[in-house]
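The values are calculated or read from the model by the stated rules, or taken from the named source; none is laboratory data. Just so it is clear, the structure is predicted and the values come from calculations on it, not from any experiment. Virtual Cβ from ideal backbone geometry, glycine too; neighbours counted across all protein chains shown.
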Amino acid sequence: MIQKNQTLVIPGFTCWLTGLSGAGKSTIATELSNKLNILSVPCEVLDGDIIRKNLSTDLGFSRQDRETNVLRVGYICSLLNKHGINTIVALISPFNATRNKLRQSLEKFIEIYVDCPLEECKKRDTKGLYQRALSGEILEFTGISSPYEAPFSPEITVKTNEEDINQSVEKVLQYLLSLQLIHINEKIN
């Protein structure tokens, strides 16, 4: 007789990095993933630019399309989390109402506000997006012609114009440790 082996799968968590374009979301997500991999913590990075190219090519930048994009990514996170894979999302996700929907649908949702002044984001803009938005070439650009609603009470705020990448990532790791979502047996650098 065939018997099923019961395997306990501990649901994963989602670290959702939100902030303006150029704030440092992708940089933090990549470094956080590297640190978690060192700790043998299974994780997947879902980056806004890559998602747009591969999953949401049918969407524009209207409020409704932005919400649909964010909720699609949230759904992917729920599927991965259900199977014990932690997710790190780097996505502008400009609206509080949409992020609140994520908070309701994801069991272990950690909102990380990547806070960086607009002027600093403009200076960091290697793709020239802010300049194109300011000249009217890009419509509905977050922070210029479309609003960004800063989170009311994120679990973590990192200030990338004041902290270096290691300080920002360390804040996230310490938070995950405090919730016992990860365990560190030795110092990682």
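Summary table below
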{"item": "All positions within region 167-176 that are in contact (Cβ under 8 Å) with a residue 40 or more places away in the chain and of a type in the set (S, T, N, Q)", "result": "Ser168"}
{"item": "Residue satisfying condition, being farther than 14 Å from Gly12 by Cα, touching a Phe, Trp or Tyr at 6+ places or on another chain (Cβ under 8 Å) and of a type outside the set (Lys, Arg), within set Leu102, Leu134, Leu118, Leu59", "result": "Leu102"}
{"item": "Within region 135-175, considering residues that are assigned to a helix (DSSP H, G or I) and among the polar types (S, T, N, Q), the one nearest to Pro117 (Cα to Cα)", "result": "Ser168"}
{"item": "Condition met for Gln180 (assigned to a loop (DSSP other than H, G, I, E, B), surrounded by fewer than 17 Cβ atoms within 10 Å (Cβ to Cβ) and not small (Gly, Ala, Ser))", "result": "yes"}
{"item": "Some residue of region 12-23 being within 12 Å of the chain's Cα centre (by Cα), farther than 18 Å from Arg103 by Cα, at pLDDT 95 or above and not aliphatic (A, V, I, L, M)", "result": "no"}
{"item": "Residues within region 112-165 that are in contact with a Leu (Cβ under 8 Å, 6 or more places away or on another chain), touching a residue at least 60 places away in the same chain (Cβ under 8 Å) and either among the charged types (D, E, K, R) or surrounded by fewer than 17 Cβ atoms within 10 Å (Cβ to Cβ) (or both), tallied", "result": "1"}
{"item": "Strands (runs of 3 or more DSSP E) completely within region 37-134 that count 3 or more residues being closer than 25 Å to Lys159 by Cβ, aliphatic (A, V, I, L, M) and under 18 Å from the mean Cα position of the chain (by Cα)", "result": "86-90, 109-115"}
{"item": "Options Pro11, Pro42: the member that is out of contact with any Ser or Thr (no Cβ under 8 Å at 6 or more places or on another chain) and without any contact (Cβ under 8 Å) to a residue 60 or more places away in the chain", "result": "Pro42"}
